[in-house]
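The values are calculated or read from the model by the stated rules, or taken from the named source; none is laboratory data. Quantities reported herein were computed from a predicted structural model and do not represent experimental measurements. Cβ placement follows ideal geometry from the backbone for every residue including glycine, while neighbour counts extend to all protein chains displayed. The accessibility values were calculated without ligands, DNA or RNA, using every heavy atom of the protein model including side chains. Shrake-Rupley method; radii C 1.70, N 1.55, O 1.52, S 1.80 Å.
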Amino acid sequence: MSLPLAPFKLERYFARYEFSARYLLCSSDCESLPVGGLLDLEPGAEEGLKRLWLGYTESPGAPSLRQEIAHLYTDIRPEQVLVHTGAEEAIYLFMHAVLQAGDHLIVHWPCYQSLTEVARSIGCDVTPWVARPENGWALDLDELRAGVRPNTKAIILNTPHNPTGFLMPAADFRALNELARERGLALFSDEVYRELEYDPADRLPAVCDLNPDAVSLGVLSKSYGLAGLRIGWIATQNAPVYTRMAALKDYTTICNSAPSEYLSELALRHRDRLTGRNLAIIRDNLSLLDKFFTSHSDRFEWIRPKAGPIAFPKLLGEDVEQFCHRLVTETGVLLLPGTLYDHPGNHFRLGYARRNMPEALERLEGFLQ
Ligand SMILES: Cc1ncc(COP(=O)(O)O)c(C=O)c1O
């Protein structure tokens, strides 16, 4: 029996503030750029865009775009890439392709709400695989093993993680993949923050390269800062899952936006420049945050991430919802209370991949005085 989808708390919060608050200090996407900034990356790109035909495009995604996406992986062919409208559509279609009412799944938690909510709306039973601050937001594989039931169908992982910034150690990641294979479980790995590892040596393999049954999720929105293109994808060697998702896409978006596909392909050809720029912003901002949290250790608990544009610090001595509300009304600085993830720990999401973060942090500093 399917159930109504609950409102997406984080999206509703952003709908209220994203285009009115002056300083977004909780964004999960990196600094973006105008269309001209992308077109300037390559001679002839502007003319190519002008010539672009605006008819329907190929349903799985333009072959040349899929080719470019396949370069992100080691063992994936372009036919094993299915392009979607953002990561969000891919999450929705994966859940509907793989799950039925009565199935059980285990989801890395706290999490981006659709990773649990879509399954719940299908009538599935969701067990959270809890990331705890006392463990530096690490996940316990024994807890996962203990949580597997006869009707468990899937494990959902997100690393680098929204909202904590947790990057799973490589040994745990391999063990997780082995466990999923041994138990015949679908592993859906939300890798939308991949390539934002502060030390490139920490980068994990993509699950689609490591595990022939698993599905990797990617998107232009986060590491590349191109959310307005609304282009995401899944990559998998699992042909049945791929085919079911492709069949469902006929009922959601049919195919992708032609200009977005063109610009996405261009961006991916120059992805090192985009991620390099975004990582430089993150590094500069993190050094300011380190100082900030050291001088305010009486007000916050800070677990410094190893990857990604976001962290989930704890606020001490005041209710986090009231704090965020006062902050945005008095200073225009937007933070995101952890209650929007149904997390009870008085944490908030902090985003630091925007160029104006130093100004936002100054205002937060002033507010604390
Ligand atoms: C972990 C995670 N997955 C998926 C998404 C959805 O990405 P998009 O908005 O590009 O569809 C987000 C966006 O915040 C996210 O943080």
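Note down the nm distance, to one decimal, between modelled labels 7 Å out along Cα→Cβ at residue 17 and at residue 326.
About 1.5 nm separates the two model spin labels.
Pairs of lysine in the chain with Cα under 24 Å and at least 8 positions apart or on different chains: total?
Lysine pairs meeting both conditions in the chain amount to 9.
For the stretch 146-257, treating each Cα as an identical point scatterer without solvent, what Debye log10 I(q)/I(0) comes out at q = 0.17, 0.19, 0.21 1/Å?
Debye output, listed in q order: -0.91, -1.09, -1.25.
In whole Å, what are the Cα extents of the stretch 1-129 along the three principal axes, biggest one first?
Principal-axis extents of the Cα atoms in the stretch 1-129, largest first: 52, 43, 30 Å.
Take each uninterrupted DSSP H stretch in the chain, measure its Cα extent along the helix axis, and return the ones at 24 Å or beyond whose mean Kyte-Doolittle hydropathy is at least -0.5.
Working: long enough: 271-295 (36 Å, -0.30).
Going by DSSP H runs, the hits are 271-295.
Would you calculate, for the chain, the mean residue ellipticity at 222 nm contributed by helices, counting each DSSP H stretch of 4 or more residues as -39,500 (n - 2.57) and dividing by all residues, to the nearest 500?
-12000 deg cm²/dmol
Check residue 225: other-chain or 5+ apart residues with amide H under 5 Å from its amide H, H built from backbone geometry?
It is 30, by chain and number.
What is the calculated FRET efficiency for residue 201 to residue 174, with r their C-beta to C-beta distance and R₀ = 22 Å, to the nearest 0.05? Let's see the in-between values first.
Values: r = 16 Å, r/R0 = 0.71.
For residue 201 and residue 174, the calculated efficiency is 0.90.
What ranking do 74-84, 193-203 get when scored by the average of other Cβ atoms within 10 Å per residue, highest first?
Final packing ranking: 74-84, 193-203.
Semi-axes of the equivalent ellipsoid for the stretch 273-369, please: Cα gyration tensor eigenvalues, times 5, square-rooted, ordered largest first, whole Å. Write out the running numbers ahead of the final one.
Working: eigenvalues 95, 44, 35 Å².
Semi-axes from the Cα gyration tensor: 22, 15, 13 Å.
Can you give the convex hull volume per residue for the Cα atoms of the stretch 61-185, as a whole number of Å³?
Details: hull volume 15.1 nm³, N = 125.
Per residue, the Cα convex hull of the stretch 61-185 comes to 121 Å³.
So for the pair residue 181, residue 151, with labels modelled 7 Å out along Cα→Cβ, what separation do we get in nm?
2.9 nm
Across the stretch 220-343, what fraction of all alpha-carbon pairs, as a whole percent, falls in each successive 10 Å bin from zero upward?
10, 26, 28, 23, 13, 1
Assuming R0 = 56 Å, can you tell me the calculated FRET efficiency for the pair residue 359 and residue 141, based on Cβ-Cβ distance, to the nearest 0.05?
0.85
For the chain, with equal point scatterers placed on the C-alpha atoms only and solvent neglected, what are the log10 I(q)/I(0) values from the Debye formula at q = 0.07, 0.14 1/Å, to two decimals?
-0.30, -1.24
How much accessible area per residue does the stretch 24-145 have, counting only protein heavy atoms and a probe of 1.4 Å, in square angstrom? Don't skip to the answer; put the middle values down first.
Values: 5210 Å² over 122 residues.
Per residue, the stretch 24-145 has an accessible area of 43 Å².
Accessible area of the chain with a 1.4 Å probe: how many percent of it is carbon plus sulfur? Before the final figure, lay out each step's value.
On the way: 8170 of 15640 Å².
Carbon plus sulfur share of accessible area: 52 percent.
Taking amide H atoms as placed 1.01 Å from N in the peptide plane, list the residues 5 or more away in sequence, or in a different chain, whose amide H sits under 5 Å from that of residue 270.
Long-range HN contacts for residue 270: none found.
Keeping every protein chain present and rolling a 1.4 Å probe, give me the accessible area per residue for the stretch 240-369 in Å².
Values: 5720 Å² over 130 residues.
Roughly 44 Å² per residue, with all protein chains present.
Given an 8 Å cut-off on Cα distances and at least 6 residues of separation, report the relative contact order of the stretch 7-126 as a percent. Could you put the intermediate results ahead of the total?
On the way: 69 pairs, mean separation 22.2, N = 120.
Normalised by residue count, the contact order of the stretch 7-126 is 19 percent.
Near residue 326, within a Cβ-to-Cβ distance under 13 Å, what is the net charge of the other residues, with Lys and Arg +1 and Asp and Glu -1? Please report the intermediate quantities before stating the final value.
Values: positive: 363; negative: 318, 319, 321, 330.
Every neighbour counted, the sum reads -3.
For the stretch 322-369, max minus min Cα coordinate along each principal axis, in Å, sorted largest first?
Principal-axis extents of the stretch 322-369 (Cα, largest first): 29, 23, 15 Å.
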